[in-house]
Amino acid sequence: MTKSHPLLRFLSWLVLSIVAGTGIVSLGIYLMLAPGLPDTAELRDVELQTPLRVFTADGRLISEFGEKRRTPITYEETPRQFINALLASEDDSFFEHFGIDIKGLARAVVELIRTGRKKSGGSTITMQVAKNYYLSSEKTFTRKFTEILLALKIEQSLSKEEILELYINKIYLGKRAYGIEAAAQVYYGQSIRELNLAQLAMIAGLPQAPSAANPINSPDRAIDRRNYVLARMRTLDMITEEEFEEAASAPVTARYHGAVSEVNAPYVAEMVRRDMIDRYGDGAYTDGYNVYTTLSSVRQEAANRALQSGLLKYDQDHGYRKPKPSSKPVTLTVSDSPLLAEWLNKADPAYDTDWPASYEQWHKQLNALDDMGLISPAVVSRVREDGIWYFTGNGEHWLPFAAMTWAKPYINVNVIGAEPQSPADVVSAGDRIWLEDTPDGLRLAQLPEVEGALVSLRPDDGAVQALVGGFAYAGNQFNRAIQADRQPGSSFKPFIYSSALANGFTPASIINDAPVVFEDSSLENTWRPENHNGKFNGPTRLRRALYRSQNLVSIRILKQVGPHKAVDYIVPFGFPRHKLNTDLSLALGASAVTPMELATGYCVLANGGYAVNPYLISRIEDDEHQLLFEANPAVVCRDCENAPQQESADNLSQAEQQLTEENLLTDASTPDGAAGINAAPRVMDKRVHFLMVSMLRDVVRLGTGQRALALKRRDIAGKTGTTNDQKDAWFSGFSPDLVTTVWVGFDQPVTLGRWAYGSNTALPIWVDYMETALKDVPERPFEQPEGIVSVRIDPETGLLAAPGQEDAMFEYFREENVPKQTVKVPVAGDSSNGFGGEEDVIPEQLF
């Protein structure tokens, strides 16, 4: 029997001791860590952090909020070629091992012993899932052991496909993209299912260095990493040689694609964001809520375009303000940029060899500017006799002088200078300018100093159809549609006239349009109100006074009704009581309200006399599209026999609520989406309503709103408004299907100019918008209720017309308010006062 060598026995015992010691240490670590391991089965129900998304009513994306961009995708939806690329890059034995790679771990241990540093962790995809979902990123042996134990436990609880699905949706891939679908959208603007092999390999190579080696930050490093992934795929026979060669030689096509907004409605998006934070706290950004608003994408885009076009026109009509230089001119010679010189020779062989600008500096400045809608920034690179060359970031372009001739210099709001004779009269090299895209091509523009707002509501339930709070959200986030309290001027008169009609006045009532003086100890000066043209018209019918917007008539009828009584009547239309003056200034629209509040009041005029509350959020869904909230607004129900009545000041609690941003979003809704009809209360007698609408139709037919005739519709009514010194210009108008209010003014109230009125400043914007908003919407006449009759009257006295009177006209009345007297037409030698007996009522339409 041969005795073993003592050295061999020692080595054998040493190895056995090491193995046993390692086993004992591992068992001890397991016994210490195992009780604290989480239940990995919960990973099946894990909720990934996904952003808040806001949509229009027709499902188009408005905006996305949240630090992490993520769009979860299932294993079955993932391209097989991407799975292969990922496994080749990260864990080619994934489907064979049991959660840990023994060889990889051994290699990592050897490296650690040999170099004293950990260069490769030997982590499998399962171990990375354990780390990403449960552990921190700290590098300690305890965390590594925990990661191994969790990986083993995950493998026992989940299938390989489930583990991969967790990994591809959680992994960070740079540029705020979490998960492969988000990365595909960020880098290529497409779904992962639409990418080619080179693009899939690019994304598969990102987990190792998502920030430092992505194709946007470092294209060269990204190509090296992509080609490594492709080489691994070729080595593992996952792709052919031809596929490898084609993909490895493909250029980088990645560029940053931000969250794709399909509809530009930033003011609306911010309103929704604030509401969601109030509802769900910070979880609103990460829990994947989908908010569907009431917005019409077509109407919203029309509102954006109309408001910007109108403000640009006003601004250009008042002259061009010299732009500030973009930067100090820097000489860039041909030798500095041979490629640029070659391009310039092709574009304009006569260019100067030295042109005053810094290409890179301009490029950075222009890229830093936010989107401004219809206008885009540029820098003047060279000024010629017949035009200018301008730089936009993708080279130089030509703008002819004909696109600049409007730019007469601004002197003050009422005065502009002479027409420019050459481009040099307008701009200089190095100036940063703005260009407007018009149907006739690009033309010089400027960023307006004037501001505006547009609110459009569905009158039957108050649903917001379009909302624009200013020229550009990027320039100023102040939402004038709901935050700017401004005097509405004459656009408030319909509510004064409605209160008068409800208190016995008729459209034919005669009011003296004559000078009036009010002395009040509370006023610094005696109040002498005037009409906008400074003229007085004497005795005037109510209808005529409204369409001619005669201020003194409004004051006299309010005085007769009584300011307190009028306020009680008007508050239920949707105006906060505390905002309404209880004095005669109310007649001239001196009580400041927001465009949203004014539009809400006009809904009553449009829908037949019912009070509705505006609302913006239609429904809220979770990340699995389960309904969490659905609006249940008060809706006009004309056939409801027991519709609530609210025609007096006895029950004003609902209407007296201030239309703040918060209750705009929430008060019109109930969290449980209650069944049945939530009938809107009637706040205006149907006959009074009909009379008021007929008078407002005349504002469009005969008065200050005649520009609205361009719509060629018979179901349009509305009222202009202009405040003292032309500081505010308004138009509020409606059809039975849509109410829209437009306001124009400066944020710090100053005059818009002596020729600026609601009729030529706000109304053109309204018409531009409504032309699109009402396209394909059939005309719908305002229904004449029972108890309304039309009779022939004398236009001067408002009395019944004499038989055969040639200048007689028809007027509407409530049956009980028909005049009792007939005008007596004077004849030669007749000294009577012209008043006579009664005439039969003639029931027929006015138009």
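General remarks:
- Looking across Val268, Val263, Val252, one residue alone is part of a loop (DSSP other than H, G, I, E, B) and buried (at least 19 other Cβ atoms within 10 Å of the Cβ). It is Val263.
- Lone qualifier among Phe478, Phe471, Phe518 - being in contact (Cβ under 8 Å) with a residue 12 or more places away in the chain, more than 30 Å from Arg638 (Cβ to Cβ) and in contact with a Leu (Cβ under 6 Å, 6 or more places away or on another chain): Phe471
- Pairs with Cβ under 6 Å, 6+ apart, first in segment 73-100 and within 15 Å of Leu200 (Cβ to Cβ) and assigned to a helix (DSSP H, G or I), second at pLDDT below 90 and not aliphatic (A, V, I, L, M): Leu87/Phe94
- Here Val464 fulfils each of the conditions (1) buried (at least 21 other Cβ atoms within 10 Å of the Cβ); (2) assigned to a loop (DSSP other than H, G, I, E, B) apart from (2).
- Taking segment 539-588 as the range and being open to solvent by 20 Å² or more (accessible area, probe 1.4 Å) and not in a helix (DSSP H, G or I) as the test, the residues that pass are Pro539, Arg548, Asn581, Thr582, Asp583.
- Met809 being at pLDDT 95 or above and either within 28 Å of the chain's Cα centre (by Cα) or on the phi < 0 side of the Ramachandran plot (or both): no
- Just so you know, in segment 467-485 the residues that are part of a loop (DSSP other than H, G, I, E, B) and of a type in the set (S, T, N, Q) include one that is modelled with the lowest pLDDT, and it is Asn476.
- Options Ala508, Ala502: the member that is open to solvent by 10 Å² or more (accessible area, probe 1.4 Å) and either hydrophobic (A, V, I, L, M, F, W, C) or in contact (Cβ under 8 Å) with a residue 12 or more places away in the chain (or both): Ala502
- Output for segment 166-212, where each listed residue is assigned to a loop (DSSP other than H, G, I, E, B) and either open to solvent by less than 10 Å² (accessible area, probe 1.4 Å) or within 17 Å of Ser249 (Cα to Cα) (or both): Leu173, Gly174, Gly179, Leu195, Asn196, Gly205
- Only a single criterion out of (1) open to solvent by 30 Å² or more (accessible area, probe 1.4 Å); (2) modelled with pLDDT of 90 or more is not satisfied by Met276, namely (1).
- So Phe536, is it of a type in the set (A, V, I, L, M, F, W, C) and either in a helix (DSSP H, G or I) or touching a strand residue (DSSP E or B) at 6+ places or on another chain (Cβ under 8 Å) (or both): yes
- Whenever a residue of segment 258-284 is in contact (Cβ under 8 Å) with a residue 40 or more places away in the chain, its partners that are part of a loop (DSSP other than H, G, I, E, B), lying with C-beta atoms within less than 6 angstrom and at least six residues away or across chains, give the pairs Glu262/Arg60; Val263/Thr56; Val263/Arg60; Pro266/Tyr473; Tyr267/Gly469; Tyr267/Tyr473; Tyr267/Asn479.
- Members of segment 213-247 found to be part of a loop (DSSP other than H, G, I, E, B) and aliphatic (A, V, I, L, M), listed by number: Ala213, Ile216, Leu236, Met238, Ile239
- Within segment 205-221, residues that are within 13 Å of Ala177 (Cα to Cα) and among the small types (Gly, Ala, Ser) reach partners that are open to solvent by less than 20 Å² (accessible area, probe 1.4 Å) and modelled with pLDDT under 90 with beta carbons closer than 6 Å, at six or more positions or on different chains, in the pairs Ser211/Gly174.
The values are calculated or read from the model by the stated rules, or taken from the named source; none is laboratory data. Model, not experiment: these values are computed from the prediction. As a convention, Cβ positions derive from the backbone with ideal geometry for all residues, glycine included, and neighbour counts pool all protein chains shown. Heads up: the accessible areas ignore ligands, DNA and RNA and are worked out on the full protein's heavy atoms, side chains in. Shrake-Rupley method; radii C 1.70, N 1.55, O 1.52, S 1.80 Å.
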